[in-house]
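Novice: Below you'll find the structure I mean.
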């Protein structure tokens, strides 16, 4: 397979890439998808920006990130790997025009990057001329001109006809996409993108299932009676909702390990539901005060509420919610300025820094000198595995996340409290 980085070394310097598209192989109808987000996720489940319905892909398989007009591809710890021109992606890799990608067992995905060729023209040389010089093939057939007329050769007529067909097809595709601009269709499946809340998804490596009995009034009832079953996809949906509520991230990055850890924390709360139920009821009574404190400090209300509940829970249920929130907000606000909240990982870093101290930023920066991508390094689970944050801080984050999951519908988890609505 040719390496296009070597074939056209000069072309990439002539323009800044502004638009990237992926063309899927024939088994997926040669569909072309534009990478239209700064962080564009690819995987086999519906919450991804590009859903490829193939069992060889992981739930969150890969991520394309745009930085200053350049596109970097990162593998998200997938089971079957990500490849560029046949080479495995082990670190963040910049994509170039004509690269060929493979996600798991789905290959021959063509990268096209459109750019501004004005800089090349200023130098008196277009990229097409460069391609022609470096090609061993003769130039294509051209129009031969007479005095006042043109003569078309038979091959050229065929080429012109093919071009006309391509143009007409392109216009049809543009009209189709304009009519369906607000609907994402998963690749490899029929119909509109399914809702994660309604679609039961089977994973290759499933998260441990929760099987929670919501009939708390009759402890002697059958284990299968009045019982909601929570699969890995349910927990993932609830977790994703939490991360979206505390940041501007529309495609939060989740790993199997982190979901399993949140799942385990949810089960611990379910086994001792009375304590959390009381805390949820207590916090609901003072939501207006907590909302005011959050807004006064430039914070999102869910972030403050979940952090307050996590702190009270970790301290054995001690503390007045308003007082606890009043102590957390100023510190969390300073950390929020430091780390931001564009991505869910940023907000979780702010929460970790509230526990660890502002020098967490220095420790994260030092870690960034290694081969791992920035996205990986800034994740809480990575920082915990590499002893950059303590077990106590990681435990606080897990409590924060599990409480956020449960508070969306406590009674489904067997906890006698009303949902928290912000």
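Read the figures in this text as sums done on the coordinates, not as results from a lab. Since the model is a prediction, treat every value here as computed from it, not as a measurement. Note that each Cβ is placed from the backbone with ideal geometry, even for glycine, and that neighbours are counted across all protein chains shown.
Novice: First measure r as the distance between the Cβ atoms of residue 358 and residue 112, then evaluate 1/(1 + (r/R0)^6) with R0 = 51 Å and state the FRET efficiency to the nearest 0.05.
Specialist: With R0 = 51 Å, the Cβ-Cβ based efficiency is 0.70.
Novice: Would you please put 305-313, 86-94 in order of how densely packed they are, using the mean number of other Cβ atoms within 10 angstrom per residue and starting with the highest?
Specialist: Going from most to least packed, we get 305-313, 86-94.
Novice: Can you tell me the order of 104-114, 265-275 when each peptide is scored by its average per-residue count of other Cβ atoms within 10 angstrom, highest first?
Specialist: Highest to lowest by the protection proxy: 104-114, 265-275.
Novice: If R0 is 25 Å, what FRET efficiency do you get for residue 91 and residue 314 from their C-beta distance, rounded to 0.05?
Specialist: Result of the calculation: an efficiency of 0.10.
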